[in-house]
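Below: one structure, written as structure tokens.
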Amino acid sequence: MKKLIYICMLLPFLMATAQNNSGVQRVGKPELTDSESFSMILLPDPQSYTKFDTNQPLFDLMTAWTAANLEKLSVKAVLCTGDLVEQNEYIVPDNVNGNQTSTQQWKAASNAFAKLDNKIPYIICGGNHDYGYTRSENRLCRFPEYFPVERNSAWKNSLVSVCNNAFGLPTLENAAFAFDEPHWGKILIITTEFAPRDEVLEWAKELAASKKYADHKVFVLTHSYLRWDGTVIESENYKVSPANYGKAVWEKLLYPSSNIRMLICGHYCLVDDFCHNVGRRTDKNIAGKNVFQMMFNAQTAGGGWHGNGGDGWLRILEFMPDGKTIKVKTYSPLFGISPTTEQFAWRTGDCDEFEIVIEP
């Protein structure tokens, strides 16, 4: 009997230890590790939130949590890896891979980001599902309709350049945003359409190399680039053309640009362990400087392709006051909102929590 009581008393500790060893932190709300740091919030592909009406409030929660923590985490920008919707132009849902029309999906994504309007610049790259009818059959895209530049006054002081889309119109599908932070100096973030055309890569390269931005640390946000195992995507079977995938993006933009220091992407995803939906690698550019490349996706967490959309996982990128270190942490406000589930709100395994060193 005493042995049984002892086991019962020990069980909670063993369960907590097992959770910790699997990369789950037990308690704690997000906060900066240094009061002089600032952060950026990274939102992974939202498509599996927007395609089901029952999932849409979860993405609302993610942007609402972000808005509520802008001051606490000294957030300077919000980044999103694209695929805002499952289908760009779809009017008959199959009720298996979503029960929302494309209009309903776009409105859901737009409403979620509305929580950040006039408060913070948010930067979104177009994903393959955001183009064509269902998956990039062409360059048709509703993004400019739902995200015109006038909707968010916080873009006014950061948006510095745009490149025309495939229809010759200047939109936020290809755009650049500049920031100046005391410990980090000047930062330029360039975002691109899915599988960017040659003219987009040339615009981005020329912008980064221009006299105005040559002394900036440049980060690129694009949808498709990297797999979980760190291999760069060479080609994909989408009808959209012309198009450049990961290898070509490296060869035409990242490698020849001496001041590009980081690329962030999403897109790649498996129904598997969480570590098979994130990836990273580092390569040297033409100037011998390290270019860190990071893939983050979470849409199959929480039940696969037809689950809850991703368990609310996002990343907090803390830019340390040393001007070179970024602490990456993976957090879920969905779990963190309640004391009942907050022990599951952090992922602290090697693939979820790590540091990036950005060279000057």
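The values are calculated or read from the model by the stated rules, or taken from the named source; none is laboratory data. None of these values were measured; they are calculated from a predicted model. Every residue, glycine as well, gets a Cβ built from its backbone with ideal geometry; the counts of neighbours run over all protein chains shown. Calculation scope for accessible area: heavy atoms of the full protein, side chains included, ligands and nucleic acids excluded. Shrake-Rupley method; radii C 1.70, N 1.55, O 1.52, S 1.80 Å.
Restricting to the stretch 181-218, name every residue that is part of a loop (DSSP other than H, G, I, E, B) and surrounded by fewer than 17 Cβ atoms within 10 Å (Cβ to Cβ). Full working, then the answer.
So in the stretch 181-218, the residues part of a loop (DSSP other than H, G, I, E, B) come out as 182-184, 192-197, 210-216.
Selection gives PRO182, HIS183, SER210, LYS211, LYS212, ALA214, ASP215.
Write out, first by first residue and then by second, each pair whose Cβ atoms fall under 6 Å of each other, whose residues are 6+ apart or on separate chains, and whose first residue, in the stretch 117-128, is among the charged types (D, E, K, R) while the second is open to solvent by less than 10 Å² (accessible area, probe 1.4 Å).
If the second residue must be open to solvent by less than 10 Å² (accessible area, probe 1.4 Å), the pairs left are ASP117/ASN152.
Filter the stretch 36-54 down to the residues that are surrounded by 24 or more Cβ atoms within 10 Å (Cβ to Cβ) and assigned to a loop (DSSP other than H, G, I, E, B), then identify the one that is farthest from the chain's Cα centre (by Cα).
Going through the qualifying residues, I end up with LYS51.
Out of ILE260, ILE286, I need the residue that is without any contact (Cβ under 8 Å) to a residue 40 or more places away in the chain and either over 18 Å from the mean Cα position of the chain (by Cα) or surrounded by 15 or more Cβ atoms within 10 Å (Cβ to Cβ) (or both). Which one?
Result of the check over ILE260, ILE286: ILE286.
For every residue, the table says whether it meets (1) in a helix (DSSP H, G or I); (2) acidic (Asp, Glu); (3) closer than 30 Å to VAL96 by Cβ; (4) open to solvent by less than 40 Å² (accessible area, probe 1.4 Å).
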residue: ASP229; (1), (2), (3), (4): no, yes, yes, no
residue: ASN244; (1), (2), (3), (4): no, no, no, yes
residue: VAL271; (1), (2), (3), (4): no, no, yes, no
residue: THR282; (1), (2), (3), (4): no, no, no, no
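So which residues in the stretch 289-316 are free of Cβ contacts under 8 Å to residues at least 40 places away in the same chain and open to solvent by less than 40 Å² (accessible area, probe 1.4 Å), if there are any at all?
Within the stretch 289-316, VAL291, ALA301, GLY302, GLY304, ASP311 meet the criteria.
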